[in-house]
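K.L.:
Could you have a look at this structure, given as structure tokens, before my questions?
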Amino acid sequence: MLHIYNTLSRQKTPLRTVEPGVVRMYVCGMTVYDFCHLGHARMLVSFDVVQRWLRASGYRVRYVRNITDIDDKIIRRAVERGVPIRALTEFFIAAMRADERALGVQAPDDEPRATEHVTGMLDIIRILESKGLAYRGADGDVNFSVRKFPGYGKLSGKSLDDLRAGERVAVAAGKQDPLDFVLWKSAKPAEPADTRWDSDYGPGRPGWHIECSAMSHSLLGMPLDIHGGGPDLKFPHHENEIAQSEGAFGGALATTWMHCGPMMVDAEKMSKSLGNFRRIRDTVTDGVADDASDYVANPRESEMLRFFLVRSHYRSVQNYTPDNLQDAQHALDRLYQALANVPPAATVIDWDTPAAQAFQAAMDDDFNTAGAVAVLFDLANQANRDASPQASGLLRALGGILGLLQTNPQVYLQSPTRFLSGGTQAAPLTADAIEALVAERIQAKASRNFARADQIRAELREQGVELADVAGGLTQWRRV
């Protein structure tokens, strides 16, 4: 049985769903005002693996991941650029989807946008107001009264006493308590016209937290089987979601809460606010302009980045360094080399085989992809040692569950990459240039000009290209 670490209970528990065999999963997605960075990549890939394993395990999955397309940061960026809100968000949604394609992230079943659910947000606010959990401030905002919701802090482990230090800060105009948070922001005269909606509370826009309560309830109801997101959402976003949803509708918002671990740089979390982030597009390709929402990613570097993310457990603290990416490239190349050495047999996974059982046991233990990747290396060793197409086939099939090893091995191994010793040159040899040298070497060998043949091999090695002579007088090459 699949066990998942539940942030709410702080322990691993069996997955039990409201409807047998069906998983309703909601994950908080991107706020689309900038390009996605590697911290976002970790969240995207982590929950992509979750939904892939749930489906492989026989569950019917309804996976919803939202888009926040109205927010203070979005408004500021649109004003800075002098463009309409919709133009800005459409650009960065397209950029996000290009990043997802590069990472092999499958599209969610539903991808609601906050601006499509404002009516539902207002409905929830009215319910909260009728229950005495929300109030209109003198400044026109509508706020949630945190102290009136019993159990606030149960997800994050923060009690009102822990948060009481905030009381020493001056209460914002219109708030009765510094812990209260905004449900509806009244429109300000200086804000663009496309940032406001009409409501019973006057023109304005929703607060950030109310968005997900409305979208998850509209599409999946309550309780959700799984609610997930990045590490920084546990508090206050998810805590506030619980207060809103459970305050309005009663019952539990979600049975299981999942949060991936942070991506670190020099002991600090990667984030835009710290300026220490690396964009996805900068890691999977070269030379993509900032005004391009779409791009063609390098297949080798794209899969390397996914492998880098997958080979660590999703809850672990992961550290970004160029050396770690290079190490991931070397490791993934070993798996692809096994597929190139021993062409895989077409394989339907037999879950009774020892390797498949070990893979399943790892994934059923809170999606332990590190353990699952170890099984892949065992299969690669077996394929090489025994020249076993069955082992190679199982390697490819199990890798597919993790979103790995589905590219043609020769295409993969012949793609240039910056993350190997031979791939750092500004202009690596083209495939045509390499093929021409390989053909010249074959001719030199046929003419018994072994000195020239050796010289060509050495020249190619200096350019990061390794040759392998195989049966039938043929020569294979790969970039290393």
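Each reported figure results from applying straightforward, stated rules to the coordinates on display, with no laboratory input. Since the model is a prediction, treat every value here as computed from it, not as a measurement. Cβ placement follows ideal geometry from the backbone for every residue including glycine, while neighbour counts extend to all protein chains displayed.
K.L.:
To the nearest 20 debye, what is the magnitude of the charge dipole of the chain about its Cα centre, counting +1 on the Cβ of each Lys and Arg and -1 on the Cβ of each Asp and Glu? Could you put the intermediate results ahead of the total?
P.N.:
Numbers: 54 positive and 60 negative charges, 88 e Å.
Result for the chain is approximately 420 debye, rounded to the nearest 20.
K.L.:
Counting helices only, and only those DSSP H runs with n ≥ 4, report the 222 nm mean residue ellipticity of the chain as the sum of -39,500 (n - 2.57) divided by its residues, in deg cm²/dmol to the nearest 500.
P.N.:
Working: 16 runs with 202 residues, N = 480.
Result for the chain: -13000 deg cm²/dmol, rounded to the nearest 500.
K.L.:
Now for a different question. Please report the net charge: other residues with Cβ closer than 14 Å to the Cβ of residue 48, K and R +1, D and E -1.
P.N.:
On the way: positive: 42, 52, 55, 65, 97, 101, 306; negative: 99, 100, 109, 111, 303.
Neighbourhood net charge equals +2.
K.L.:
Is the shape of segment 298-410 rounded, prolate or oblate, going by the alpha carbon gyration tensor and its root eigenvalues a ≥ b ≥ c, with a/c under 1.5 for rounded and a/b larger than b/c for prolate? Walk me through the intermediate numbers first.
P.N.:
On the way: a/c = 2.06, a/b = 1.22, b/c = 1.69.
Oblate.
K.L.:
Need the C-alpha centroid separation for segment 262-309 versus segment 1-42, integer Å.
P.N.:
22
K.L.:
On a 0 to 90° scale, report how tilted helix 208-220 is relative to the longest principal axis of the chain, with both axes built from alpha carbons and the result rounded to the nearest 10.
P.N.:
70
K.L.:
Return the whole-Å distance between the Cα centroid of segment 313-334 and the Cα centroid of segment 116-164.
P.N.:
For segment 313-334 versus segment 116-164, the Cα centre distance is 41 Å.
K.L.:
Using 25 Å as the Cα-Cα cut-off, could you pick out the over-long pairs in 148/175; 131/154; 73/148; 73/185; 154/272?
P.N.:
73/148; 154/272
K.L.:
Using the Karplus equation 6.51 cos²θ - 1.76 cosθ + 1.60 (θ = phi - 60°), what ³J(HN,Hα) coupling, rounded to whole Hz, does each residue of segment 296-301 give in order, writing x for Gly and Pro?
P.N.:
Calculated HN-Hα couplings, in order: 9, 7, 5, x, 6, 5 Hz.
K.L.:
By how many nm would the segment from residue 154 to residue 292 grow when fully extended, if each residue of separation counts as 0.36 nm and the alpha-carbon distance is taken off?
P.N.:
Working it through step by step, the gained length comes to 45.4 nm.
K.L.:
Restricting attention to segment 1-56, which trypsin sites (Lys or Arg not before Pro) occupy a DSSP loop and are surrounded by at most 15 other Cβ atoms within 10 Å?
P.N.:
Numbers: sites: 10, 12, 16, 24, 42, 52, 55; in loops: 10, 16.
Listed in order of number, the matching sites are 10, 16.
K.L.:
Cα gyration tensor of segment 3-264, axes a ≥ b ≥ c as square roots of the eigenvalues: rounded (a/c below 1.5), prolate (a/b > b/c) or oblate?
P.N.:
Oblate, because a/c is 1.5 or more while a/b does not exceed b/c.
K.L.:
Classify segment 187-319 as rounded, prolate or oblate from the Cα gyration tensor: take a ≥ b ≥ c as the square roots of its eigenvalues, call it rounded if a/c is under 1.5, otherwise prolate when a/b beats b/c and oblate if not.
P.N.:
oblate
K.L.:
Under a point spin-label approximation (7 Å from Cα along Cα-to-Cβ), what is the residue 459-residue 139 distance to one decimal in nm?
P.N.:
7.1
K.L.:
So, one more: Can you tell me what percent of all Cα-Cα pairs in segment 104-152 are more than 12 Å apart? Intermediate values should be presented prior to the final figure.
P.N.:
On the way: 850 of 1176 pairs.
Percent of Cα pairs beyond 12 Å in segment 104-152: 72.
K.L.:
Using the 10 angstrom Cβ neighbour count as an exposure proxy, how do 475, 347, 369 rank, fewest first?
P.N.:
Going from sparsest to densest Cβ surroundings: 475, 347, 369.
K.L.:
For the chain, take the alpha-carbon Rg, divide it by the Kirkwood Rh, and send me Rg/Rh.
P.N.:
Looking at the chain, the ratio lands at 1.05.
K.L.:
Please give me the summed charge of the neighbours of residue 6: other residues whose Cβ is under 10 Å from its Cβ, Lys and Arg +1, Asp and Glu -1.
P.N.:
Local net charge: +1.
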